[in-house]
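Student: Would you mind keeping the following structure in view while I ask a few things?
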C-alpha cells in the first residue's frame, strides 16, 4: 500500500538518516514513484495510479540487482496533476506549477545528499508535462541526471496488441493491474464497458467530456495474468533502457578524459 510501513531494505522510508545518506550516495539510481488521486470510473479506487506506482517500482527495484544495478526507492508521491478529473468526488489535484515545484524540490533535496541519478517512474498521464519541466530544471541547476520513465510507454505495444487502443484510464489495463496487486479494491459488479468519443483536434477541459462514465475501454475484459506477464517484460525493458543510458553516460565521460 502507498505510504506503507512495511518497508523493504531498498526503501528510504525505513532507513535512518545515516543509512539513507549511504544508500543515496551508493545507488546507481534513486527511484521516485509518482501517481495521482483521481476518479477511476465506478469500479476502481481513486488511488489507482498511486497503487500502480508503488507496485511497479517494487518490481523494478527488486529486479535491478539481477542486472548489476543498485536502486534505492523514495516514498511514493501520491498526489499529482489531476485537474481534468475534478468533476468527480475523491479527486485531489495539485496545480500544475505546484506539482512541478514539488518534483523539483524533492529531486533537489536528493541531489544535495549525493544522488548521481534520479529515475522518476510515473504512472499518471497528467504528470508528464510538469515532470518534463522539473527534470529540465533539476538537471540544469544541480547536474544530477534525471530519467523520467512513463511506465506505460514500455508496455504500450503489448497492451495495444491485446486490448486495442482504448484500454488506458480505468479500462482493461488498469483494472487488470489492480486486480493483480489489490483485488479487494476492485468492485467487480460495477465493471462495465465505457462509452467514449474523443475530439480529433480540440483539447478537452475535463475528462467527462470524452467519457461520461469516467473511464475508457472495457474493464470486463481485464486479464491480470496477462498483465502480470506484461509487467515482467516491461520491467526488463526499463532496466535495459537504463543500462544503455548508463553505458552511454560512462562512455561520454571516458571520451571526455
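The values are calculated or read from the model by the stated rules, or taken from the named source; none is laboratory data. As the structure is a prediction and not an experimental result, all values here were calculated from the model. Reconstructed Cβ throughout: ideal geometry from the backbone, glycine too, with neighbour counts over all protein chains shown.
Student: I need every pair where a residue in segment 174-192 that is at pLDDT below 95 has its Cβ under 7 Å from the Cβ of a residue that is assigned to a helix (DSSP H, G or I) and crowded, with 20+ Cβ neighbours inside 10 Å, sequence separation at least 6 or different chains.
Tutor: That search, which allows pairs on different chains as well, returns nothing.
Student: Turning to a different aspect of this structure: State all residues of segment 164-191 that are more than 20 Å from residue 87 (Cα to Cα), out of contact with any strand residue (DSSP E or B) (no Cβ under 8 Å at 6 or more places or on another chain) and loosely packed, with under 15 Cβ neighbours inside 10 Å; if no residue qualifies, say none.
Tutor: Of everything in segment 164-191, those that are more than 20 Å from residue 87 (Cα to Cα), out of contact with any strand residue (DSSP E or B) (no Cβ under 8 Å at 6 or more places or on another chain) and loosely packed, with under 15 Cβ neighbours inside 10 Å turn out to be 164, 165, 183, 184, 188, 189.
Student: Quick test of your reading of the structure: residue 97 fulfils all but one of (1) crowded, with 22+ Cβ neighbours inside 10 Å; (2) touching a helix residue (DSSP H, G or I) at 6+ places or on another chain (Cβ under 9 Å). Name the failing condition by number.
Tutor: All conditions pass for residue 97, except number (1).
Student: Moving on to the next point. Among the residues of segment 109-143, write down those that are within 30 Å of residue 207 (Cβ to Cβ), in contact with a strand residue (DSSP E or B) (Cβ under 7 Å, 6 or more places away or on another chain) and in a helix (DSSP H, G or I).
Tutor: 126, 127, 128, 131, 132, 135, 138
Student: Return the residues of segment 149-177 that are in contact with a helix residue (DSSP H, G or I) (Cβ under 7 Å, 6 or more places away or on another chain), more than 14 Å from residue 211 (Cβ to Cβ) and not in a helix (DSSP H, G or I); say none if nothing qualifies.
Tutor: 149, 150, 155
Student: Moving on to the next point. Consider residue 106 carefully, then state whether it is in a strand (DSSP E or B), closer than 27 Å to residue 8 by Cβ and modelled with pLDDT of 95 or more. Before the answer, list the steps.
Tutor: On the way: in a strand (DSSP E or B): no; closer than 27 Å to residue 8 by Cβ: yes; modelled with pLDDT of 95 or more: yes.
In short, no.
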